[in-house]
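The values are calculated or read from the model by the stated rules, or taken from the named source; none is laboratory data. From a predicted model like this one, the values you see are computed outputs, not experimental measurements. When we count neighbours, we look across all protein chains shown, and the Cβ atoms used for this are built from the backbone with ideal geometry, even at glycine. The accessibility values were calculated without ligands, DNA or RNA, using every heavy atom of the protein model including side chains. Shrake-Rupley method; radii C 1.70, N 1.55, O 1.52, S 1.80 Å.
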Amino acid sequence: MGFHIVKRDNCPLWQKCCLYIGAVLLAVVIGGIVLLSIGVNPIKYYTRMFTMGMIGNRIAHVTFMNYLKKLVPLVITSIALSLAFKMRFWNIGGEGQFIMGAIASGFVALKWGNVLPMWLSLIIMCVAAMLAAGLYGLIAAWFKVRFSTNETLMTLMLNYIALHFLMFLSERKEDWNFFLDETSARPKFASFSQFVKMPTIKIGAKFELNICVIIAVLVGVLVFLYLKYTKQGYEISVIGDSVGTASYAGMNVKRIILRTVFLSAALIGLAAACRVGTAGILSTSITEDVGWTGIIVAWLAKLNTGIIFLASALICVLQQGSEVAASSFSQVSSSFANMLQGLILFLVLAADFFTRFRIARAKKGEKNNG
Amino acid sequence: MDKIGVLTQFVYNIVLLNIPLLYGTVGEIMVEKSGCLNLGVEGTMAVGAIFGYIFGCYANSLGVGIFSAFLMGALCGLIFAVLTVSLQANQNITGLTLSTFGLGIYFFVGHSLKAKAWPVMNDYAGVSEGFQGIQIPLLSKIPIIGKGLFSHNILVYLGIVIALAVWWYLNRTTLGLRLRAVGENPAAADSVGINVKRMKYLHICIGCGIMGIGGYYMGLNMSGSFNSSCWINGYGWIAVALVIFANWNPALAILGTFVFGFFNALPVSASSLAMAFPKGLGWLAAIPSQLYDALPFIITAIVLIATSIRNKRGSSGLPAALGLNYFREER
């Protein structure tokens with residue numbers, strides 16, 4: 001008896017939900033078995049991880065604020081990447097674009113932060129970051145449309161060029177390098193938190209809501225509307241389906257690619273500005289890998305803007321939670337989150353298959369060719 | 001230090017520090033020739049490194065280490081193959097996830113072992129002595145090049161042998177020809193009776209196994225000291241770049257390794273070179289080391305653009321179906 005694979009036209013929503021939730025649960029179970037194998041009680045560990053240690057903690061609101069600080073750049077980056085991915089432009093240069101945005105906003109903050117009023121320098125920071133990141137993203141896009149240079153590999157290279165540029169700024173002690181702290185003999189980034197800091201809104205007695213959270217929600221809503229209801233959003237999805245169709249329909253494919261990649265990269269720059277504006281200082285690990293994690297999130301969410309919020313909230317819990325848990329479980333490294341994250345995506349990718357295809361038995365008398 | 005000594009050390013470093021790149025590149029060439037773009041080199045190398053090191057130490061044998069590094073690398077390849085070949089998952093995403101996943105495993109395993117007892121390389125004579133340099137008779141007596149090229153550990157020679165063997169395999173054997181056909185046009189290969197799935201599975205696993213050995217080398221070269229940064233430290237990504245630079249040719253990959261290796265070894269030797277040759281090379285010390293670090297990526301970006309501008313089919317070794325999944329029913 002042979003089996004072969006058949007494409008299925010539609011998969012009911014409940015089946016999809018079951019498959020994906022099942023995939024996530026299975027990943028958690030496998031992770032639990034791994035934990036058991038090194039002698040850690042998985043239930044205790046997971047409780048600590050998924051609650052991020054907030055239960056019975058008097059400074060739980062601080063934990064939650066830190067969680068939001070981590071979440072905002074990830075959400076914006078994932079949404080930005082999903083724009084390019086929808087068009088099947090493999091922008092894996094999130095890291096590099098984020099770094100360029102961070103450098104630009106750091107530049108503004110350090111150069112003019114102490115002369116301009118704060119609201120103005122924050123706005124200029126955001127605009128500068130968006131421009132810098134957008135232009136950096138445009139490099140790969142321009143070569144793609146002009147010479148069909150492979151954008152996956154090109155953006156990958158640009159990531160590392162940007163990273164080493166940031167490292168150069170962080171280590172080069174020279175007169176011109178105003179990125180560094182003048183008072184320190186050892187090269188280290190200068191802090192600008194006393195001049196510019198993303199404002200917060202006080203809610204209740206202790207909790208302070210960072211304005212970046214509102215920016216992230218706003219970006220989410222706008223991108224959702226952009227993709228769903230505008231002509232430009234429609235063009236993106238047509239190109240994603242088929243470049244041939246798009247150009248046959250009279251669309252200027254090259255221009256649309258350039259425009260969308262610029263927008264995608266510019267939003268990543270905005271994420272960087274939020275991060276830098278909140279942190280008040282640059283660092284060589286400023287990205288916290290959101291450029292990579294964002295790809296995973298965007299894909300987990302099937303490039304669906306709404307679900308991106310859900311997926312990035314989950315991934316962020318894993319990351320923040322594993323760091324918290326690492327303090328009470330010394331033998332478990334915080335990179336357990338990365339492992340779990342990888343497992344989840346592997347299993348979700350596998351689940352994808354079953355939403356798109358089904359395995360059918362070969363009929364009697366038919367030769368098995370599967 | 002005398003001038004000859006400095007030069008010798010420089011050539012020696014070029015080879016010693018960069019052979020992992022060759023393993024990664026040759027492995028990736030094999031994978032890409034089957035039409036799969038695997039961006040998981042970094043993770044695969046990390047997994048091969050940590051398990052190769054641990055098992056090699058426990059068995060007190062370099063051979064066991066090499067074998068387990070290969071096996072664990074191949075296992076990563078198997079994950080990639082199941083997802084992309086059988087389950088039609090996107091190759092970019094799967095590869096990137098493999099990188100995250102592999103690095104996660106590396107730190108998780110290393111960290112949990114360190115909490116108990118980390119094996120120290122020098123305690124295991126079978127590993128540390130096996131990794132000692134081997135002087136090749138006669139050749140190693142040549143000044144500069146002799147010590148620089150022919151006094152290395154066994155894994156250096158193994159890497160060169162693997163690269164040449166893969167070149168021979170791809171270009172001179174029937175199976176290699178079939179593999180290239182799968183990478184160029186899987187539907188056509190399928191129609192002449194080549195089992196596309198089996199070819200892809202086989203070569204993804206072997207290629208990833210080769211990467212794993214490269215990771216193991218990296219761990220040994222750092223004397224197995226486990227700390228906050230990964231042993232692989234970006235070499236996997238450079239390997240992805242080097243594949244393009246070598247134009248998908250394993251023999252050219254050897255040359256490419258040394259060209260990239262030249263720039264990788266420069267920051268290590270720049271100050272001693274500048275001291276030994278103050279007139280000719282004095283300026284070397286003034287160049288920021290970050291520029292050297294970025295050079296492999298800058299060069300690759302330029303090569304990438306140059307090849308796409310030239311873009312004459314036939315002259316490029318880029319497999320035509322690279323990155324595209326093959327679904328038989330859509331043929």
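State yes or no: is B:Asn18 in a loop (DSSP other than H, G, I, E, B), among the polar types (S, T, N, Q) and either open to solvent by less than 20 Å² (accessible area, probe 1.4 Å) or at pLDDT 95 or above (or both)?
Spelling it out, it is not the case that B:Asn18 is in a loop (DSSP other than H, G, I, E, B), among the polar types (S, T, N, Q) and either open to solvent by less than 20 Å² (accessible area, probe 1.4 Å) or at pLDDT 95 or above (or both).
Only residues that are of a type in the set (S, T, N, Q) and in a helix (DSSP H, G or I): list them for the range A:154-190, please.
Within the range A:154-190, A:Thr155, A:Asn159, A:Ser170 meet the criteria.
Out of (1) in a loop (DSSP other than H, G, I, E, B); (2) in contact (Cβ under 8 Å) with a residue 60 or more places away in the chain, what's the single condition that is false for B:Tyr217?
The one condition B:Tyr217 does not meet is (1).
Just checking, how many residues over the range B:28-86 are crowded, with 24+ Cβ neighbours inside 10 Å and not in a helix (DSSP H, G or I)?
Within the range B:28-86, residues that are crowded, with 24+ Cβ neighbours inside 10 Å and not in a helix (DSSP H, G or I) number 6.
If you check A:Glu208, A:Glu235, which single one turns out to be surrounded by 12 or more Cβ atoms within 10 Å (Cβ to Cβ), in contact (Cβ under 8 Å) with a residue 24 or more places away in the chain and either touching a helix residue (DSSP H, G or I) at 6+ places or on another chain (Cβ under 9 Å) or closer than 24 Å to A:Met87 by Cβ (or both)?
After ruling out the rest, the residue left standing is A:Glu208.
Scan A:Tyr45, A:Tyr20 and give me the residue that is buried (at least 18 other Cβ atoms within 10 Å of the Cβ), under 30 Å from B:Lys197 (Cα atoms) and under 27 Å from the mean Cα position of the chain (by Cα).
Exactly one of A:Tyr45, A:Tyr20 is buried (at least 18 other Cβ atoms within 10 Å of the Cβ), under 30 Å from B:Lys197 (Cα atoms) and under 27 Å from the mean Cα position of the chain (by Cα), namely A:Tyr20.
Could you give every pair whose Cβ atoms fall below 7 Å, whose first residue belongs to the range B:96-114 and is more than 7 Å from chain A (Cβ to nearest Cβ) and under 12 Å from B:Gly48 (Cα atoms), and whose second residue is open to solvent by 10 Å² or more (accessible area, probe 1.4 Å) and outside any helix (DSSP H, G or I), counting only separations of at least 6 or pairs across chains?
Taking only residues 6 or more apart or on different chains, the pairs are B:Tyr106/B:Cys230.
Out of A:Val40, A:Val72, A:Val6, I need the residue that is farther than 24 Å from A:Phe346 by Cβ, among the aliphatic types (A, V, I, L, M) and either open to solvent by less than 50 Å² (accessible area, probe 1.4 Å) or more than 14 Å from chain B (Cβ to nearest Cβ) (or both). Which one?
Matching residue, one of A:Val40, A:Val72, A:Val6: A:Val72.
Looking only at the range A:68-81, decide whether some residue is hydrophobic (A, V, I, L, M, F, W, C) and over 30 Å from A:Gly240 (Cα atoms).
yes
Can you tell me which residue in the range A:130-177 is farthest from the other protein chains (Cβ to nearest Cβ), limited to those that are in contact (Cβ under 8 Å) with a residue 60 or more places away in the chain and of a type in the set (Ser, Thr, Tyr)?
The qualifying residue farthest from the other protein chains (Cβ to nearest Cβ) is A:Tyr136.
How many of the residues making up the range A:202-238 are farther than 16 Å from A:Leu122 by Cα and not in a helix (DSSP H, G or I)?
Residues flagged as farther than 16 Å from A:Leu122 by Cα and not in a helix (DSSP H, G or I) within the range A:202-238 amount to 9.
Condition (residue is within 14 Å of another protein chain (Cβ to nearest Cβ), open to solvent by 20 Å² or more (accessible area, probe 1.4 Å) and either under 25 Å from the mean Cα position of the chain (by Cα) or not charged (D, E, K, R) (or both)) applied to the range B:134-141: is it met by at least one residue?
Among the residues of the range B:134-141, not one is within 14 Å of another protein chain (Cβ to nearest Cβ), open to solvent by 20 Å² or more (accessible area, probe 1.4 Å) and either under 25 Å from the mean Cα position of the chain (by Cα) or not charged (D, E, K, R) (or both), which makes the answer no.
Given (1) surrounded by 23 or more Cβ atoms within 10 Å (Cβ to Cβ); (2) under 15 Å from the mean Cα position of the chain (by Cα); (3) more than 14 Å from chain A (Cβ to nearest Cβ), identify the lone condition not met by B:His203.
Evaluating B:His203 over (1) surrounded by 23 or more Cβ atoms within 10 Å (Cβ to Cβ); (2) under 15 Å from the mean Cα position of the chain (by Cα); (3) more than 14 Å from chain A (Cβ to nearest Cβ) leaves (2) as the failure.
Please count how many residues of the range A:122-141 are within 20 Å of A:Val72 (Cα to Cα) and among the small types (Gly, Ala, Ser).
So the count comes out to 5.
Of these, A:Ser78, A:Ser105, which one is under 30 Å from A:Phe207 (Cβ atoms) and within 14 Å of another protein chain (Cβ to nearest Cβ)?
A:Ser78
Can you name the helices (runs of 4 or more DSSP H) wholly within the range B:226-331 that have at least 1 residues being within 14 Å of another protein chain (Cβ to nearest Cβ), among the small types (Gly, Ala, Ser) and surrounded by fewer than 19 Cβ atoms within 10 Å (Cβ to Cβ)?
B:289-310
Residues being touching a Ser or Thr at 6+ places or on another chain (Cβ under 6 Å) and open to solvent by 10 Å² or more (accessible area, probe 1.4 Å): count how many of those fall in the range A:88-101.
Final tally of qualifying residues: 2.
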